[in-house]
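Coordinate-derived values only; no laboratory data. All values reported here derive from a predicted model rather than from experimental measurement. Positions of Cβ are backbone-derived with ideal geometry, glycine not excepted, and every protein chain shown enters the neighbour counts.
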Amino acid sequence: MNERIDLKNIRRQVYLYYSEDGLVDIAVGLVIFGFGLLLLLDFPAFVGLLGLLALLVWYGGKASLVFPRVGTIRPGREIKERFQGFFINLVVIGIGVFILFLLSRSGGGSIFARFSLSVFGFVVALGISILGLLLDAPRLYFYAGLVFLAMAGGELLSEQVTAYDPFLAAVIGSGAVILVAGSAVLIRFLRKYPVIQREE
């Protein structure tokens, strides 16, 4: 009976907190990449389905790839150790928002009116950063910065480049980078941790 309770607890911990498998990276990459691609293809109505797709990838991957390896994976760091990278990431992104604020004041108008896509990028980056803190995955801070830079840089370039949409190109590119990085983390995880045969 105790083994069954422990197994349920282990399963819950793996689903909620374990991030070394790269599945959260792939889920975030799918959302960012899909967001840009659906806007490029003029299918904005389907953007809401991206969350469901990411959830299916994450949940299905945990069930089929991670849980069979539960006997060999190691837990993450203490929560106090996670805050340092989180706050550094917030400071860096905050500096970017401050620069946008100065640009909006020099050009007239509010930051929300002039750089609405960049502010949206800040909100998305903040969400990814919080996810990185909760899952003890510092690499998500890099993804958060990448997404913010892609959206802010793409919006700034949109004022000068007319041959294509720099915002969508930057968003799709950042999503592709995150997908590739997540796939590399997943491959490393699968090689590092063999499947443990256990008795039910």
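Highest-first packing order for the peptide set 180-188, 117-125 is 117-125, 180-188, based on the mean count of other beta carbon atoms within 10 Å. Taking the average, over residues, of other Cβ atoms within 10 Å as the packing measure, peptides 24-32, 166-174 rank 24-32, 166-174 from highest down. Per-peptide packing, taken as the mean over residues of other Cβ atoms within 10 Å, places 131-141, 54-64 in the sequence 131-141, 54-64 from highest down. 3J(HN,Hα) along region 49-56: 6, 5, x, 5, 4, 4, 5, 5 Hz, from the Karplus curve 6.51 cos²θ - 1.76 cosθ + 1.60 with θ = phi - 60°, whole Hz, x for Gly and Pro.
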